[in-house]
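Each remark here refers to the structure printed beneath this line.
The values are calculated or read from the model by the stated rules, or taken from the named source; none is laboratory data. Keep in mind the model is a prediction, meaning the values are calculated, not measured. Cβ placement follows ideal geometry from the backbone for every residue including glycine, while neighbour counts extend to all protein chains displayed.
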Amino acid sequence: MESPETSLKPVDENDTVAGVFFDRFVREEETSDAGQQNYMILNEAEIRHRQEDDILRVSTALSEPRAAAIVLLRHFNWNISKLFDNWFDDEDRVRNEVGLFRSPIVAQFSPDCTITCGICFESYNNSMSRSSSIVWASCGHPFCRDCYGGYITKSVNDDGPGCLLLRCPDPSCAAAVGDDMIGTLTMDNSVKLKYARYLLRSYVEDSYRRRKIKWCPAPGCDYAVDFFDFVGNYRRGFDVYCRCSFNFCWNCNEEAHRPVDCDTVAKWNMKNKDESENANWILVNTKPCPQCKRVIEKSHGCNHMRCAPPCRYEFCWHCLGEWTSKTFHSCNKFLPEATTAADENEMKRREVVKASLVKYTHYYNRWAANLRSRQKAVEGLRLVQVEYLDKLSFIYGQERPLLRFLTEAWQQIIRCRRVLQWTYAYGYYFPQHQWTKKQFFEYLQGEAEFSLERLHYCAEKELEKYVNAEGTVQEFIDYRLKLAELTSVIGNYFKNLVRALEDGLTEVESNGSYWSCELCSFVNSLPTARCQMCYHTPVAVNL
């Protein structure tokens with residue numbers, strides 16, 4: 001079979017147009033800081049370090065213990081500036097709001113009085129036993145250590161993150177239970193670790209910066225993403241590449257989908273799951289029984305149909321006429337009088353739905369095919385990392401850093417497959433009246449697919465020669481240069497393609513007075529008020 005590298009491709013007149021079209025993006029890339037990212041990946045240690053810095057800062061500035069600083073920060077969603085503004089404006093009000101009282105609201109006990117636990121009602125009258133067995137928060141309500149510890153443990157286990165808002169066990173009291181009491185009164189280390197985990201996640205999930213910092217949505221991933229402020233930097237998009245190898249969109253938490261915007265992704269995913277697509281398939285590929293109206297699919301065989309019991313009506317699949325064993329059925333003659341207005345409307349409706357279904361199937365099949373190819377590329381990358389790198393290093397005496405070009409090539413293939421996959425959703429919703437842009441988009445998409453196949457072939461098929469030790473060292477070096485160059489060139493092409501599509505191919509002229517339906521993407525003429533695809537009977541508006 002002829003390889004893509006040696007096959008000839010006819011010259012298209014759009015080659016010159018595409019070259020000029022991408023010149024602007026190349027110049028912008030050269031004048032911009034391409035290595036700068038607009039986000040930072042944080043592990044749990046880095047998040048905890050940031051959290052402890054904020055706690056220490058508040059504790060030092062307000063001369064309050066660590067536990068009180070945590071309560072204050074939690075109340076103000078870890079917003080230090082807001083906390084300071086409110087604290088120095090009215091400290092007493094803030095203390096009452098968060099439950100950090102200056103003095104106990106319960107009268108102090110004399111050394112010789114008896115104290116009763118408010119939960120188990122056990123009495124303690126010895127001053128030494130009281131000091132070792134009775135505890136209270138800033139409010140002063142006394143409870144024994146065992147009951148207080150059980151109260152805290154139950155809240156951590158049952159309330160989840162709600163345990164961070166734990167208050168005094170007295171129903172009428174709003175005093176906060178601080179981090180110091182939880183660490184002292186709970187004996188189970190698993191409970192302490194669970195509380196610390198909730199506190200750490202609160203720093204991300206409940207933060208006033210939650211629009212700028214969030215957890216990676218990949219299952220089991222413990223990394224967080226801190227998104228920097230940016231203005232007028234739309235071209236960088238919202239795609240985030242986590243250290244766990246999961247790529248997602250910052251804006252909608254779906255898998256990365258450039259060049260398609262989040263609204264289009266939502267519509268596309270909804271369309272793929274929508275039961276209406278099944279209904280359209282049934283309408284196109286089935287017919288109702290003329291007698292009982294039950295829907296019937298003809299998968300194979302002759303045109304003599306027999307409905308299922310209890311109907312058992314026999315009819316012709318083509319004309320839906322009655323078919324009996326006593327008469328020979330024939331519907332080859334054209335009988336115009338046999339076609340009613342209702343039949344014509346039904347036939348038109350089927351044709352419209354069939355055209356819509358054919359279009360959707362075209363784009364969905366190619367979208368799904370690139371998805372499968374990307375998943376296979378992920379497996380190919382793992383194979384290279386686990387087996388091929390060590391094998392090639394041993395055969396050709398190359399250090400692993402010199403073989404990094406292989407992993408970079410496969411990573412580029414995965415990224416490009418994702419882009420190519422979503423260009424088909426982009427194409428499905430592309431306004432059909434913009435013929436010039438549509439034609440140019442399909443040309444760019446075809447070039448991208450052709451180029452990616454070249455890279456994929458080189459990284460997979462041509463590599464087998466060297467994995468099987470069938471090439472010389474010099475040939476392997478030449479192969480490394482070739483694959484590295486392909487990776488760079490095709491990566492730049494896809495980068496420019498994404499930017500061009502996100503810009504809406506604005507430099508391409510497009511004329512026409514049409515509008516596209518948001519539900520089915522059908523192109524309607526401007527004077528039409530209702531979509532001809534959705535309503536079947538267009539209503540014209542006099543302009």
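Couple of notes before you dig in:
- Scanning the stretch 367-390 for residues that are surrounded by 18 or more Cβ atoms within 10 Å (Cβ to Cβ), among the hydrophobic types (A, V, I, L, M, F, W, C) and within 26 Å of the chain's Cα centre (by Cα) yields a count of 3.
- Note on the stretch 393-429: residues that are hydrophobic (A, V, I, L, M, F, W, C) and farther than 17 Å from Asn370 by Cβ amount to 7.
- Residue check: Leu199 meets all listed conditions (1) modelled with pLDDT under 90; (2) within 30 Å of Phe84 (Cβ to Cβ); (3) surrounded by 13 or more Cβ atoms within 10 Å (Cβ to Cβ) but one, namely (1).
- Residues in the stretch 255-291 that are assigned to a helix (DSSP H, G or I) and at pLDDT below 70: Glu275, Ser276, Glu277, Asn278, Ala279, Asn280, Trp281, Ile282, Leu283, Val284, Asn285.
Residues checked against (1) surrounded by 11 or more Cβ atoms within 10 Å (Cβ to Cβ); (2) farther than 30 Å from Ala224 by Cα; (3) at pLDDT below 90:
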site: Val11; (1), (2), (3): no, yes, yes
site: Val17; (1), (2), (3): yes, yes, yes
site: Glu28; (1), (2), (3): yes, yes, yes
site: Met40; (1), (2), (3): yes, no, yes
site: Glu52; (1), (2), (3): yes, no, no
site: Val58; (1), (2), (3): yes, no, no
site: Asp90; (1), (2), (3): yes, yes, no
site: Arg95; (1), (2), (3): yes, yes, no
